[in-house]
Amino acid sequence: MFLCCGMKILVLNAGSSSQKSCLYEIADEAFSTQAAQPLWFGKINWTQDRGVAEIDVKTGTGATLQESISGDSPQAHLTYMLNTLSDGATKVIDQLSEIDVVGHRIVHGGEDYRDSVVITEDVKKAIARLSNLAPAHNPAALSGIEAIEKILKDVTQIAVFDTGFHATLPDAAAIYPGPYEWVEQGIRRYGFHGISHQYCSQRAAQILGRDVPPERLITCHLGNGCSLAAIKNGRSIDTTMGFTPLEGLMMGSRSGSVDPGILIYLLRYCNYSVEKLDHVLNKASGLKGISGVSSDMREVREVIAQGNSRAQLAWDIYVHRLRSGIGAMLTSLGGLDALVFTAGVGEHSPEIRQAACEAFGFLGLKIDLEKNQQQPVDEDIATPDSAVRVLVIQTQEDWAIAGQCWQLLKKS
């Protein structure tokens, strides 16, 4: 089925206002957790009305393309971007039919889909049905799947679920203390960022020179969305996000966990509609809501330096919630062998890493302040005498998706 030079895997990672795509080639005989460079990378950013698409393409050999397209549909924009794989300065294959498989990141797989699966009509229906639990992501992923059906016809497509890694949560961690009918309705903690958490646990083993991940590991995925995972012997046993990606830590524009009585109060006494409540919790809270400046940690830091007290408060809450979350994961694990920071904030903010780690000196955790400041990538920034290893890992969700596609097709 596949060419001798390897399997060509296209990965689509759909967001509410963007579509990222990578083309990898994986040799038939081996897959490594350590990420390979993609042959080609493309990204579409849409304006709010989706009338204008900013297309950015680059190849592994350094060729680039940047264009702005007005009008047309999102599917037309995706078609245009994918055509740059086989045409023009960014050409890396002779024709699109050389692509063997397309892998999609699906944020919510519910209870039915925990492992990666070949996409069928039933899988598409399930993704659509679960869109009300991940409204910013599942519909976009489904649009990408349907676009690929039209562009690449009968190519095999695989769904890789962000909730899948957390399927090992014990019931005590997964089930909410509401009425038992909730359990029967599928209302439970699913957890998210699973592709990233799983990748980082496997990469941590490599960085530390081990065959398997550390026995007791906490991974901190800190981006615009934030979540922690407690990973014991490579299996997720606790996490901060829940039934939806709204629960848990303070995030860029999401509130994270709040007293549910606040929501009842707002609905009952403050004339909030369900739509307004949804908007406030998901789009107007977190760093953005408290600081009044931005959902971007870098911009919050800039105005803190100018004496902005609301930005300082946003920082203080973020750090408090992060430390509390790590503490909760600690109790699930009964100790800690390694702590991982990843994603945009986790990888690029030495101040957040230092602030988080300072609270855990009682564990014998010590970070090397100089290493922490030197933009570490896939490095251990703990001091030699630290009782806990502290790793900064560049998350590679797209590569992890490609790997799951490769493994699934190799079994078939």
Exercise for the section: Over the stretch 98-234, average the accessible area per residue using a 1.4 Å probe and give it in Å², no decimals. Expected result: 40 Å²
Exercise for the section: Place +1 on the Cβ of every Lys and Arg and -1 on the Cβ of every Asp and Glu in the chain, take the dipole about the Cα centre, and give the residue among 18, 277, 294 whose Cα lies farthest towards its positive end. Expected result: 277
Fill in the blank from the handout: Most fluctuating of 79, 244, 342 in the GNM of the chain (C-alpha, under 10 Å) is 79
Fill in the blank from the handout: Here, trypsin sites (Lys or Arg not before Pro) of the stretch 72-164 satisfying both criteria (DSSP loop; at most 15 other Cβ within 10 Å) are 91, 153
Exercise for the section: Output the antiparallel fraction of DSSP beta bridges having both residues in the chain, as a percent to the nearest 5. Expected result: 70 percent
Practice task
Whenever you get a sec, compute what percent of the accessible area on the chain sits on carbon and sulfur atoms (1.4 Å probe).
Solution key: 49 percent
Fill in the blank from the handout: The pairs in 232/283; 91/125; 283/371; 43/288; 20/276 lying past 27 Å Cα-Cα in this model are 232/283; 91/125; 283/371; 20/276
Completion exercise
When the charge dipole of the stretch 84-138 is computed with +1 at the Cβ of Lys and Arg and -1 at the Cβ of Asp and Glu, the Cα pointing farthest to the positive end, of 137, 89, 116, is that of 137
Problem - Unit charges on C-beta of K, R, D, E only; dipole of the stretch 211-397, Debye - result: 640 debye
Handout entry: Loop-resident sites, the stretch 98-194, for chymotrypsin sites (Phe, Trp or Tyr not before Pro), counting at most 15 other Cβ within 10 Å (DSSP)
Key = 180
Problem - Computed magnitude of the charge dipole of the chain (debye, nearest 20; Cβ of K, R +1, Cβ of D, E -1) - result: 680 debye
Completion exercise
With a ≥ b ≥ c from the Cα gyration tensor eigenvalues, square-rooted, and the rule rounded for a/c under 1.5, otherwise prolate when a/b > b/c and oblate otherwise, the chain is rounded
Exercise for the section: Only loop residues by DSSP count here, and only those with at most 16 other Cβ atoms within 10 Å; note down the trypsin sites (Lys or Arg not before Pro) in the stretch 209-249 that meet that. Expected result: 210
Handout entry: Long-range amide H partners of residue 110 with built H, under 5 Å
Key = none
Handout entry: Pair residue 171, residue 211: separation of 7 Å Cα→Cβ label points (nm)
Key = 3.5 nm
Handout entry: Relative contact order of the chain, defined on C-alpha pairs under 8 angstrom at six or more residues apart (%)
Key = 14 percent
Handout entry: Karplus (6.51, -1.76, 1.60) ³J(HN,Hα), θ = phi - 60°, over the stretch 91-107, in Hz, Gly and Pro reported as x
Key = 5, 10, 9, 6, 8, 5, 5, 6, 5, 8, 7, 10, x, 10, 7, 10, 5
Practice task
Please give every one of the aspartates and glutamates within straight-line cross-link reach of residue 410, meaning a C-alpha to C-alpha distance under 19 Å, and leave out same-chain neighbours fewer than 8 residues apart.
Solution key: 25, 28, 29, 98, 100, 115, 154, 398
Completion exercise
Karplus ³J(HN,Hα) for the stretch 211-225 (6.51 cos²θ - 1.76 cosθ + 1.60, θ = phi - 60°; Hz, whole; x = Gly/Pro) runs 7, 10, x, x, 4, 10, 10, 10, 10, 10, 8, 10, x, 5, x
Practice task
Label the stretch 55-126 by shape, choosing from rounded, prolate and oblate, from the square roots a ≥ b ≥ c of the eigenvalues of the Cα gyration tensor; if a/c is under 1.5 it is rounded, and otherwise prolate applies when a/b is larger than b/c, oblate when it is not.
Solution key: prolate
Completion exercise
Per GNM of the chain with C-alpha springs under 10 angstrom, the most fluctuating residue out of 262, 106, 195 is 262
Fill in the blank from the handout: In the stretch 7-161 the DSSP beta bridges are antiparallel at a rate, in percent to nearest 5, of 75 percent
Problem - the stretch 260-401 shape via C-alpha gyration tensor axes, a/c threshold 1.5 - result: prolate
Completion exercise
Computed, not fitted: 222 nm per-residue ellipticity of the chain from DSSP H runs ≥ 4 (each -39500 (n - 2.57)), nearest 500, equal to -10500 deg cm²/dmol
Practice task
Report, by chain and number, residues whose modeled amide H sits under 5 Å from the one on residue 117, excluding near sequence neighbours (fewer than 5 apart, same chain).
Solution key: 159
Fill in the blank from the handout: Applied in sequence order to the stretch 53-68, the curve 6.51 cos²θ - 1.76 cosθ + 1.60 (Karplus, θ = phi - 60°) yields integer Hz couplings, x standing for Gly and Pro, of 10, 9, 10, 10, 10, 8, 10, x, 9, x, 6, 9, 8, 10, 9, 10
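The values are calculated or read from the model by the stated rules, or taken from the named source; none is laboratory data. It should be emphasised that the depicted structure is a prediction, and the values quoted were computed from it without experimental measurement. Ideal geometry is used to build each Cβ from the backbone, glycine not excepted, and the neighbour counts take in all protein chains shown. Note: areas computed on protein heavy atoms with side chains; ligands, DNA, RNA excluded. Shrake-Rupley method; radii C 1.70, N 1.55, O 1.52, S 1.80 Å.
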